[in-house]
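The values are calculated or read from the model by the stated rules, or taken from the named source; none is laboratory data. All figures in this text were calculated on a predicted structure; none of them were measured in a lab. Neighbour counts run over all protein chains shown; Cβ positions are idealised from the backbone, glycine included. Note: accessible area is taken over every heavy atom of the protein model, side chains too, but ligands, DNA and RNA are not part of it. Shrake-Rupley method; radii C 1.70, N 1.55, O 1.52, S 1.80 Å.
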Amino acid sequence: MRIVSLLALALPLLALPAAAQDKPAAPQPEPMRIVVTRSAEPCEPECREWIAAQGAISNDTLAELRRALAELNGRKLPLLVYSTGGTVEAAIAMGELVRKGGLDIAVARTVFTQRDPALGTIDERSPLCASACTLFLAGGQRRIIPLQSRIGVHQQTIVETETTTVRDYKIVRGRKELVDERTETRTVKQEQATGEIDAKMRRYLNAMGLDRSFLETTVSTPADTMRYLKPEEMLATTIATELGSATLAFSSLRSGMAPGAPAGLNTAPVVAATLTAPATPIGSVELGPHRGGKLRLALSIGEGRYQQTIVLQMRLLFGDAQIPTRLRTVTLTLPNGPPIVARNDDGSDPDAPMTADVLRETLCGLTDRTSISLKIEPPAEDGVPSTWQRNGTAAELLRLPTLRTTVCR
């Protein structure tokens, strides 16, 4: 008769040193995966490419990012991030590496295809970047955040872990044979981050050019909670340089900058001109009464420098006179897609139009009867009403027949 018994032997390896780490917004056991990705949509030969980074940031993630950047051979691609957070020190080092390369970051999830792990599509239904992920995001030259994103902040924590090797044996005829060997990690200590960690974050965020209010908001939120920023807070704290679709990250590819051109840590984000020629007027939309007259929104459309995008320009008119549009935004809500946000990015020029880069397929795929919503939000000092909103068809609010003739082919 053969007698078999099982033994388990646990060997503690080491207690890892304390590391600053955030408390994730939700369980995310998978480590961050960083992949140079090509669009899986029919688009050859002009398919978009980007660096997809999603999962938990760990001490090994910096090496993953370095590997992905080396794979580009000097090419400059935008980075799309989706993460609940992770290790603070690694996130900071990754942000510094991204800024050194002058890369743009947008918050979005990449959905990889089953047939090829390097092919994917962009999913903006529930973008997420929380805790240490926001430090990684801060390194982006441009930081593009869709309006529906969850950008979460809170105090950081210090975590000590202990790693143990567990080996299973069996006894066969008096001899011990190894059956299985595995490593298990457990948290042995967790406490609020020290002033040293906060100081390191402050130095880093100052170097990235973020407003000090971002760190103040972060450290004032208890570590066992999560504060999700409102869109206006994303802009006020400057964690976002732009609010809009993650696809705006691809507009930098049209700027004419040399691929891989380095940017200093203190370089301010630059949004390059996107039109290849002056925009063509396509009509105006009546918005309603305003101070004894009528308010109109004049629309223009033009070709973008990148093949798959067009540029939508909007100007506010009171009668035939233009109203300065500094700090105003226009939000177009379309069915089955993220909102399109046009705004005047140049605060020094109030007469500049509100503009938005839009995928050609997004506008050209609409029908005349597609229901859309249009909302204009002026600055508070402009008086009542503070906003104007209209619901209607694409033919009414976007002058779609003329738009289609101008840019759709």
Does Arg48 count as touching a residue at least 24 places away in the same chain (Cβ under 8 Å), of a type in the set (Lys, Arg) and open to solvent by 40 Å² or more (accessible area, probe 1.4 Å)? no
List every residue pair whose Cβ atoms lie under 6 Å apart, where the two residues are 6 or more positions apart in sequence or sit on different chains, the first residue falls within the stretch 204-219 and is aromatic (Phe, Trp, Tyr), and the second residue, located anywhere, is modelled with pLDDT of 90 or more and in a helix (DSSP H, G or I). Tyr204/Ile92
So which residues in the stretch 85-128 are open to solvent by 10 Å² or more (accessible area, probe 1.4 Å), under 16 Å from Ser39 (Cα atoms) and either in a helix (DSSP H, G or I) or not acidic (Asp, Glu) (or both)? Arg109, Val111, Phe112, Thr113, Gln114, Arg115, Pro117, Ala118, Leu119, Thr121, Ile122
Residues of the stretch 62-100 being among the β-branched types (Val, Ile, Thr) and more than 22 Å from Ala249 (Cα to Cα), which ones? Thr87, Val88
If we ask which residues in the stretch 193-250 are closer than 22 Å to Pro127 by Cβ, among the small types (Gly, Ala, Ser) and assigned to a loop (DSSP other than H, G, I, E, B), their number turns out to be 3
Name the pairs: first residue in the stretch 244-259 and at pLDDT below 85, second residue surrounded by fewer than 20 Cβ atoms within 10 Å (Cβ to Cβ) and of a type outside the set (Lys, Arg), Cβ to Cβ under 7 Å, at least 6 apart or on different chains? Ser252/Ala272; Arg254/Ala272; Ser255/Ala272; Pro259/Gly74
Can you name every residue in the stretch 209-230 that is open to solvent by less than 40 Å² (accessible area, probe 1.4 Å) and closer than 21 Å to Thr84 by Cβ? Leu210, Phe214, Leu215, Thr217, Thr218, Thr221, Ala223, Leu229
